[in-house]
Amino acid sequence: MDLTKPLTREEYERVTGLTPAPPVISPTNTCGKCGGQMEEGFIPDRSYSSTDIGAWYAGKPQFGIMGSVKTAASWPHKIRTYACLQCGFLESYIDRPTPAA
C-alpha cells in the first residue's frame with residue numbers, strides 16, 4: 001500500500017475495520033441555544049478550480065513540505081451544518097463510521 005497517496009474506500013475499510021454509515025445523530029429543527037428555527041446548509045471548501053462541501057478527517061493535521069495538509073491516512077466525512085435563523089448558532093454533523101460487517 002502506497003501511503004503517499006490517499007487511501008481508497010476499500011483500503012480504508014480493510015485497514016481500519018470501519019465503513020461510513022448514515023448519521024446516527026438526527027438534528028432537530030430547534031436551536032439548543034435560543035430555541036429558534038434551524039436551517040440546513042453547508043460550508044464550502046473552495047480550491048482554484050472547484051467548490052465542494054467541507055469534510056472532516058480523523059486525527060491531528062499533518063503538513064507536507066509545501067504547507068498543504070496531508071489526508072492520505074484518513075477517510076473524508078462530509079459535514080452537514082445547521083444554522084439558527086434567530087441567533088446564528090452553527091451546529092455541524094458528520095456521517096459516523098460503524099464497524100464493517
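Observations
- Projected label distance in nm at K70 and D52, using a 7 Å step from Cα toward the beta-carbon: 1.9 nm
- Neighbour counting of Cβ atoms within 10 Å sorts the residues R80, R14, fewest neighbours leading, into R14, R80.
No lab work stands behind these numbers, since they all come straight from the coordinates. Quick caveat, the model's predicted, so the values are computed rather than measured. Note: ideal-geometry Cβ built from the backbone for every residue, glycine included; neighbour counts use all protein chains shown.
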